[in-house]
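Colleague: Have a look at this one before I ask anything.
The values are calculated or read from the model by the stated rules, or taken from the named source; none is laboratory data. Just so we're clear, the structure is a prediction, and the values are computed from it rather than from any experiment. Because the Cβ atoms are built from the backbone with ideal geometry, glycine has one as well, and the counts that use them run over all protein chains shown. The accessibility values were calculated without ligands, DNA or RNA, using every heavy atom of the protein model including side chains. Shrake-Rupley method; radii C 1.70, N 1.55, O 1.52, S 1.80 Å.
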Amino acid sequence: MADDFARFDQAVDEYLVRHYTVDRRRALLGAGGFDAPLAAELADLGWYSLAVPEAEDGLGVPLSDLGGMFMQAGRHLLIGPLLENTLLPALLQRSGDGEGSDALAAAVRTGVPVALVDPGVSDDCSTDLGSVSLTGGRLHGSVAAARFAQHASLLAVVAGSVLCLVDPRADGVRISALRSADPAVSFGRVDLTGVHVDAVVGRDDTELITRIRAWARLFLACELDGLARSSLDRTVQHLKTREQFGRPIGAFQALAHIAADMHTASSGLHSLCLAALADAGDATDVAELELVAVSAKAHAAGTAVRICEDAIQLHGGMGFTTESDVSWYYKRAVALRAWYGDEQELHRRIGAALLDRATETLA
């Protein structure tokens with residue numbers, strides 16, 4: 001795994017340095033979170049097909065090898081459906097029933113998003129994202145926020161323990177664009193009224209849905225790691241070049257201590273993400289995979305936001321402006337913190353899982 005991980009990490013970094021310049025990134029961050037030409041560009045590069053099975057014209061790379069790609073996406077503040085277009089085609093086409101394969105292949109080939117319509121992105125009782133039910137072959141319900149829904153060619157709808165593939169143009173589907181606080185993602189509300197379902201992945205997709213959510217959490221943790229590391233790097237550079245009273249502000253002990261704490265936290269987060277990727281695998285027991293992913297995301301959610309907050313503080317007043325990159329990193333980190341659980345939600349999940357294991361051991 002280490003060789004493939006390093007290769008993808010380096011290749012993605014080199015490409016984004018050359019072609020995702022500061023000016024291009026800032027223009028896209030203010031343009032709504034989705035850019036069709038950029039998504040098509042990444043599709044042409046084969047990024048979305050890396051983990052797709054070879055039988056479906058992909059490379060069949062283990063998902064754990066893609067962690068470095070998401071770390072670099074965080075470091076460069078890459079916008080768009082990298083998570084959805086990488087993860088969903090890989091896992092759904094591995095399910096082996098062929099349902100929705102044409103639409104999934106089109107997403108991989110063209111970059112048009114596959115949207116995951118999942119009411120389970122939060123356990124927070126105060127955040128009601130809605131629910132979806134499948135009755136008599138028809139979907140009813142709504143999900144208050146789904147990433148890239150209004151741009152999608154296919155909706156992967158979680159209805160209880162079943163995963164349904166839906167054409168967003170089908171009768172009974174209504175998608176309303178939402179204003180997004182996440183500069184790298186567009187959101188839409190999805191309402192489903194008696195939508196006839198042609199493709200149901202399985203009669204009971206509990207394990208598949210759990211795996212999708214687990215890998216989503218792990219990749220989001222990797223992206224948060226990248227956001228934190230880039231915020232730290234930019235802050236260190238600022239401390240070296242910004243002068244006050246005739247010397248770099250990094251020479252002042254109070255500021256140096258904050259930067260040192262940022263470095264310690266960032267290093268720990270990066271090490272945890274690498275360890276989690278090493279423990280995760282395509283064949284890993286689903287309960288173990290879920291615990292690994294939840295643990296990584298829980299730590300990343302809080303740590304990355306704190307590092308970005310410190311970065312803004314050390315940049316002074318300019319850190320709050322859109323002319324400063326650290327403000328964009330902070331907005332992105334705050335948005336990703338809550339998606340599929342913040343640290344408080346996920347700590348409860350970890351505690352419950354460990355208690356269940358202890359109970360089983362005592363029994």
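Colleague: Which of the residues that make up the range 184-210 are among the hydrophobic types (A, V, I, L, M, F, W, C) and more than 11 Å from the chain's Cα centre (by Cα)?
Modeller: If the condition is that a residue be among the hydrophobic types (A, V, I, L, M, F, W, C) and more than 11 Å from the chain's Cα centre (by Cα), then Phe187, Val190, Leu192, Val195, Val197, Ala199, Val200, Val201, Leu208, Ile209 are the ones that fit.
Colleague: Just to be sure I understand, how many residues within the range 211-263 are within 27 Å of the chain's Cα centre (by Cα) and open to solvent by less than 30 Å² (accessible area, probe 1.4 Å)?
Modeller: 22
Colleague: Cβ-Cβ under 6 Å, sequence separation 6+ or interchain: first residue in the range 193-215 and modelled with pLDDT under 95, partner assigned to a loop (DSSP other than H, G, I, E, B) and exposed (fewer than 13 other Cβ atoms within 10 Å of the Cβ). Which pairs?
Modeller: Listed pairs, sorted by first residue: Val197/Gly137.
Colleague: Please enumerate the residues belonging to the range 329-363 that are touching a Ser or Thr at 6+ places or on another chain (Cβ under 9 Å) and within 19 Å of Leu83 (Cα to Cα).
Modeller: Tyr329, Ala333, Ala335, Ala338, Trp339, Tyr340, Gly341, Asp342
Colleague: If you scan the range 333-356, which residues turn out to be part of a helix (DSSP H, G or I), open to solvent by less than 40 Å² (accessible area, probe 1.4 Å) and touching a helix residue (DSSP H, G or I) at 6+ places or on another chain (Cβ under 9 Å)?
Modeller: Within the range 333-356, Ala333, Leu336, Glu343, Glu345, Leu346, Ile350, Ala353 meet the criteria.
Colleague: Look at Arg213 and say whether it is assigned to a helix (DSSP H, G or I) and within 21 Å of Ala90 (Cβ to Cβ). Steps first, answer last, please.
Modeller: Details: assigned to a helix (DSSP H, G or I): yes; within 21 Å of Ala90 (Cβ to Cβ): yes.
Yes.
Colleague: Just to be sure, is Gly302 open to solvent by less than 10 Å² (accessible area, probe 1.4 Å), farther than 19 Å from Asp225 by Cα and assigned to a helix (DSSP H, G or I)?
Modeller: Considered against the rule, which asks whether it is open to solvent by less than 10 Å² (accessible area, probe 1.4 Å), farther than 19 Å from Asp225 by Cα and assigned to a helix (DSSP H, G or I), Gly302 comes out as no.
Colleague: Please list, ordered by residue number, the strands (runs of 3 or more DSSP E) wholly in the range 101-199 having 2 or more residues that are open to solvent by 30 Å² or more (accessible area, probe 1.4 Å), out of contact with any Leu (no Cβ under 7 Å at 6 or more places or on another chain) and at negative phi.
Modeller: By residue number, 130-135, 173-178, 187-196.
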